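Asker: The structure's right below; bear with me while I get my questions together.
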Amino acid sequence: MLDVNIKVENAKPQTNLYSLTFDDLKEFCLSIGEKPYRATQIMKWLYHKGVRSIDEMTDVSKKTREKLKEITTLSLPEVVLDHLSEDGTRKWLIRLDSGNSIEMVYIPEDDRGTLCVSSQVGCALDCSFCATGKQGFNRNLAVEEIVGQLMIAKLLLNDFEEIDNFTPRKVTNVVFMGMGEPLLNYRNVVSAMKIMLDDYGFGLSKRRVTLSTSGVVPALYRLKEDIDVALAISLHAPYNTLRDELVPINQKYPINELLDACRNYIDGTNKKITWEYVLLRGVNDRDEDAHALARLIRNIPGKVNLIPFNPFDGVDYQTSDRKQIDHFRSILMGYGLVAVTRKTRGDDVDAACGQLAGRVKDRTKRTISQEGVGQEVDQTKLTQETLMTELA
Ligand code: SAH
Ligand code: SF4
């Protein structure tokens, strides 16, 4: 009898502790005959101290640690490239267990440090100006792969060090502006954000975790029920005709439906929407586009983030002239809108957040299912050599 039990136990795959929210971990502790307070202890070791082994969790009894070592893992994806730009922007190429790779960027500024994370390998939405979209969709990231990105960054930046109350952490902000559409990997992204916000987790402020979406309207309504984070909307065009072309999901969820979902998300809060607008020369950067944009959004609390287009091979768009970007911005400001132009950072390695080159070759086009999450598609395995050549 005992034998059989042991076999069943051993046959179970190990649980990656980075995949569990605080609630999940409490449940997990109960399921292995531990008191829920163990979850608090474990979370603190994982996310406050950044320990990388169960043995370091010294306030957990030896017996429990032995049990945890058998049935859990703390594995993280592997960093295959680590590149520091002259302006301090740091970019990592991370290889996942499946052989796929994702990119992640850290942008230090005077008063904050922003980590730009990915939520999917590739993206199914195929926005016409986006390198990630050109790859097609490959797969959703697991919770531990999203949380793992923040863990990796904090470990490599030495951000678990004890500090006094006046020293800011190195990673203060997380933005889901890397590869992928976060709302099409809904469950995993929400769980990962819960771990980021939890006081026993990374303890980030809800105003400093930003989800950027191209507008998966039903998921935006659901998000309001599930978690309170900052929202960035990739608008890019003030008219449906143009947005249908640039952001094809607009054909399914047009601008008025998207704006209703945005109003609903911030209704009853003092939140503001960040409107992302990639400026494409002669396409969406004309004076009349600025006027139409301003009229469209001026009654919704928010600010506009103008993003100079980051060109890549095989795409015809051009970056707007500096003068036109400034003029576009001043038109918006004339309507009383707050508008900033995003600095292009880490240009020497294509590192700027939201402009990840997505050099991974495993591209397969697929259509979006209703829920958007989906069936397995071709996963071309990449060797480290291929990636190095690609990035060289
Ligand atoms: N899928 C989400 C989040 C990832 S993209 C979204 O679309 O919002 C993050 C931001 O980078 C988006 O605003 C996107 O439009 C922008 N972006 C994509 N390709 C770009 C490029 N070539 N140059 C500048 N910004 C780009
Ligand atoms: Fe996907 Fe965002 Fe790129 Fe569009 S801009 S293809 S939604 S990653």
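Asker: Any chance you could run the full-extension gain for D110 through E161? It's 0.36 nm times the residue separation minus the Cα-Cα distance, nm to one decimal.
Answerer: This chain segment gains 16.4 nm when fully extended.
Asker: Please express the shape of segment 15-73 as an equivalent ellipsoid: the semi-axes are the square roots of 5 times the eigenvalues of the C-alpha gyration tensor, given largest first in whole angstrom.
Answerer: In descending order, the three semi-axes are 14, 13, 11 Å.
Asker: Calculate the length of the line joining the C-alpha centroid of segment 64-90 to that of segment 228-245, in whole Å.
Answerer: About 34 Å separates the Cα centre of segment 64-90 from the one of segment 228-245.
Asker: What are the ³J(HN,Hα) couplings of segment 320-330, residue after residue, when phi is run through the Karplus curve with 6.51, -1.76, 1.60 and θ = phi - 60°? Round to Hz, x for glycine and proline.
Answerer: Per-residue couplings from phi come out as 5, 5, 3, 4, 6, 4, 5, 5, 4, 5, 5 Hz.
Asker: Using 7 Å Cα-to-Cβ label points, what is the R281/S75 separation (nm, one decimal)?
Answerer: 4.8 nm
Asker: Using the heavy atoms of the protein chains and a 1.4 angstrom probe, tell me the accessible area per residue for segment 1-143 in square angstrom.
Answerer: Averaged over the residues of segment 1-143, the accessible area is 46 Å².
Asker: In percent, how large is the relative contact order of segment 78-349, given Cα pairs closer than 8 Å and 6 or more residues apart?
Answerer: The normalised contact order for segment 78-349 reaches 15 percent.
Asker: Each label point is 7 Å from the Cα along the Cα-to-Cβ direction; what then is the distance between the points at H327 and K49, in nm?
Answerer: 6.0 nm
Asker: On to the next question. Any chance you could run the full-extension gain for Y37 through D82? It's 0.36 nm times the residue separation minus the Cα-Cα distance, nm to one decimal.
Answerer: 12.5 nm
Asker: For segment 203-306, with the dipole built from +1 on Lys and Arg beta-carbon atoms and -1 on Asp and Glu ones, taken about the Cα centre, which of P238, G282, I297 lies farthest toward the positive end?
Answerer: The listed residue farthest towards the positive side: I297.
Asker: Measure off 7 Å from each Cα along the Cα-to-Cβ vector at Y239 and V340, then give the distance between these two points in nanometres to one decimal.
Answerer: 3.1 nm
Asker: Amide H to amide H, which residues 5 or more places from L280 or on other chains are under 5 Å from it, using H placed in the peptide plane?
Answerer: D285
Asker: Can I ask one more? What FRET efficiency comes out for the pair S98/R222, r = Cβ-Cβ distance, R0 = 25 Å, nearest 0.05?
Answerer: 0.40
Asker: Put one equal scatterer on each alpha carbon of segment 78-349, apply the Debye formula with no solvent term, and list log10 I(q)/I(0) at q = 0.09, 0.12, 0.16, 0.17 1/Å to two decimals.
Answerer: Computed log10 I(q)/I(0) values: -0.40, -0.74, -1.38, -1.56.
Asker: Amide H of I273: which non-local residues (sequence gap of 5 or more, or other chain) have their own amide H closer than 5 Å, using H built in the peptide plane?
Answerer: Under 5 Å from the amide H of I273 lie the amide H atoms of G302, K303, each far enough along the sequence or on another chain.
Asker: A follow-up question, please. Give me the 1.4 Å probe accessible area per residue for segment 230-346, excluding ligands and nucleic acids, in Å².
Answerer: 46 Å²
Asker: Sorting check: for 16-28, 253-265, 77-89, 226-238, which peptide has the highest mean count of neighbouring beta carbons within 10 Å, and how do the rest follow?
Answerer: 226-238, 16-28, 253-265, 77-89
Asker: For segment 78-349, with all protein chains present and a 1.4 Å probe, just round the carbon and sulfur fraction of the accessible area to a whole percent.
Answerer: Carbon and sulfur: 46 percent of the exposed surface of segment 78-349.
The values are calculated or read from the model by the stated rules, or taken from the named source; none is laboratory data. As the structure is a prediction and not an experimental result, all values here were calculated from the model. Neighbour counts run over all protein chains shown; Cβ positions are idealised from the backbone, glycine included. The area values use the complete protein model at the heavy-atom level, side chains included, leaving out ligands, DNA and RNA. Shrake-Rupley method; radii C 1.70, N 1.55, O 1.52, S 1.80 Å.
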